[in-house]
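Presented below is the structure to which this report refers.
The values are calculated or read from the model by the stated rules, or taken from the named source; none is laboratory data. Everything quoted here is computed from the prediction, not taken from an experiment. Methodologically, a virtual Cβ is constructed for each residue, glycine included, from the backbone with ideal geometry; neighbour enumeration extends over all protein chains shown. SASA here: full protein model, heavy atoms, side chains in, ligands and nucleic acids out. Shrake-Rupley method; radii C 1.70, N 1.55, O 1.52, S 1.80 Å.
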Amino acid sequence: MAFKLDAKIPEGPIQDKWEQHKFKSKLVNPANKRKYSVIVVGTGLAGGSAAASLAELGYDVKSFCIQDSPRRAHSIAAQGGINAAKNYPNDGDSVWRLFYDTVKGGDYRAREANVYRLAQVANNIIDQCVAQGVPFARDYGGYLANRSFGGAQVSRTFYAKGQTGQQLLLGAYQSMMRQVSKGKVSLYTRKEILDIVIVNGKARGIIARDLVTGDVERHVADAVILASGGYGNVYYLSTNAMASNVGAAWKAYKKGAGFANPCYTQIHPTCIPVSGDHQSKLTLMSESLRNDGRVWVPKNKEDKRHPNDIPAEERDYYLERIYPSFGNLVPRDVASRNAKNQCDAGKGVGETGLAVYLDFGDAIKREGRDAIAAKYGNLFDMYQRITDESPYEQPMRIYPAVHYTMGGLWVDYNLMSTIPGLHVLGEANFSDHGANRLGASALMQGLADGYFVIPYTLGHYFGSNELESIDTSHEEFEKCEKEATDRINKFLSINGSRTADDFHRSLGQIMWDNVGMSRNKAGLEKAISEIQDLRQQFWKDLKIPGENAQVNAELEKAGRVADFLELGELMARDALERNESCGGHFREESQTEENEAKRDDENYCHAAVWEFKGDNTTPERHREELSFENVPLTQRSYK
């Protein structure tokens, strides 16, 4: 299959591209839609909204999730809010400003046309969700309330206390389940994707394993949509759900889908710090807390007093000092690097010295405890249950942790990968956030892709392509099933001495140390070598108890860790090849005199897209050049 990058960006002014594109796209008439089937992998905001919307249009939809219920998709963990340029506070917001902030926040490494479309349809998302009954926060007069998030000087974030992802997901879920009850969506729970089936160059189905029985199944369709989330769990410790994995996307990559910018990872600045080697995941504290919380460290690195005993004049509110225009609401990559810098300078707090304070004392004095509890009560309760410390009584301790991945499968303007018929939505694709995602934009992108983009672009694909009639007896299904089964049997036959978790923890340490918040040439080369060695050990010394024909969590983990061991090397290689700093990718060799990220637009103003060339073979790096006709390239500044 020929590997070709054609972004298919429509002609014309950026404000008109999407409307003109929708008008020029091929249509499928209502009577014919029922003749087409589509597989949707993932039931989070992107997958759930896509399945509901496509079934509502009349397509025959098969929906797959790894959890026991679609409601357990990781979108449910999103806390802070969703962006849209409604300008309800009348503070100067607009679609153009949302577009501008998102391009700038991504450090000019995203495709302008996709970002503008995202800003354009965001207002529709709010209307859709209100109609579904999503209980957004409202002000005293009954209007929808807004709050601020990082990287913006306006309040455009709609929220439902600290449970926005949960409420939005319930809206998408109820819409999808309505279609399940009507027979238009067939729901498959507890299924893990083992392969993507390509027939005559087009994505035509999947191979899945039933996580309860161990059965390997074939499923056929006219198109496949991946909405399977990001790959942050490659670091072992992250804020992602334990089951979050790169499996479906990685199988697509190995079948010919380009993987774009894998080194673009987001380290979220407000997470509960690591407390010991016993942990298997980390907990996010919403960015919304930075609306009222003030970030600080002691000015004296030797100061070990209780935070309440340190007077204001002996505290360094370093974000407010360094970035007076944005203060505590700088973008996530900026806030995370600065927290690391303070800890590296010996000013970190807590037993490990790897934390900074997030203090609500001034906000409680200003607004009262009840007002702060109304905004953040569930987050404060969560923090207290985990740390046994009350944020009402003393500052939170926070430190950056892996949270989101801006890289993903490359897609064109129609959200189709380099494999015809394979569309990729939400965090699984690379398209909208560049090198750094602004807070409250993940929910926006997932729902934009599912509700308002894929219903048009999938119809265009069906209307533009002749699709032969096939079923699961096709030889490609048989071949893919055999390869998947052979891989399972290989895992079980190794019978070594180390668990998948043990290998995963070792990989995570390599990644965090060398491909984390700060990267350099020597560290990245070291990471590539160490990951290759670890991967060899994995295939020689893996231990999986039990068998395939049952619930086997260790077997599940093994498959995911095997993928991460390959992905981790690609991430390090991508970071090594991108010899510049941009957004969440910080190369120590490329920084300003003030230690800010320093881009190299002359050599790296492009998306790096990797093509799989075979196991144990260096992949080929392609480029999609990025042009900025509407938001001129400048050195990002939040001062």
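Per-atom-type breakdown for region 475-606 gives carbon and sulfur 41% of the accessible area (1.4 Å probe, protein chains only). Surface calculation, 1.4 Å probe, protein heavy atoms: residue 605 sits at approximately 10 Å² accessible. Nonpolar atom fraction for region 89-220, defined as the carbon and sulfur part of the 1.4 Å probe accessible area, stands at 45 percent. The listed residues 347, 482 rank as 482, 347 when sorted by accessible area, largest first, using a 1.4 Å probe. Seen from every direction in turn and averaged, the convex hull around the alpha carbons of region 152-203 projects onto 7.6 nm². Packing order of peptides 40-46, 276-282, 204-210, highest average first: 40-46, 204-210, 276-282 (average count of other Cβ atoms within 10 Å over each peptide's residues).
What pairs from 251/557; 161/340; 281/490; 62/557; 255/479 go past 18 Å between their alpha carbons? Check vs 18 Å cut-off fails for 161/340; 281/490; 62/557. For region 475-606, the alpha carbon convex hull comes to 133 Å³ per residue, rounded to a whole number. Spin-label model, residue 388/residue 630: points 7 Å from Cα along the beta carbon direction are separated by 5.4 nm. Computed over protein heavy atoms with a 1.4 Å probe, the carbon and sulfur contribution to the accessible area of region 269-402 reaches 46%. Listed values for region 61-72 are Karplus-derived 3J(HN,Hα) couplings in whole Hz (6.51 cos²θ - 1.76 cosθ + 1.60, θ = phi - 60°), namely 10, 10, 10, 10, 9, 7, 8, 7, 8, x, 5, 8, and x replaces Gly and Pro.
What does the net charge come to around residue 200 if you take all other residues with beta carbon closer than 11 Å to its beta carbon, with K and R at +1 and D and E at -1? Neighbourhood net charge equals -1. Could you run the Debye sum over the Cα atoms of region 426-545, one equal point scatterer each and no solvent, and tell me log10 of I(q)/I(0) at q = 0.10, 0.17, 0.22 Å⁻¹, two decimals? So the normalised log intensities are -0.66, -1.02, -1.10.
For the chain, the longest principal axis of the alpha carbon atoms and the long axis of helix 369-387 meet at an angle near 70°. Remark: relative contact order (the chain) = 20 percent; criterion is Cα-Cα distance under 8 angstrom and separation of 6 or more residues.
Axis of helix 164-181 versus longest Cα principal axis of the chain: the two differ by about 20°, to the nearest ten degrees. Ligands, DNA and RNA aside, residue 100 has an accessible area near 80 Å² when probed at 1.4 Å. Solvent-accessible surface of the chain, averaged per residue with a 1.4 angstrom probe and all protein chains in place: 38 square angstrom. Surface listing: 93, 513 arranged by accessible area from highest to lowest gives 513, 93, probe 1.4 Å.
For the chain, the average shadow cast by the Cα convex hull is 27.1 nm², which is a quarter of the hull's surface.
When nucleic acids and ligands are ignored and a 1.4 Å probe is applied, residue 352 ends up with an accessible area of around 80 Å².
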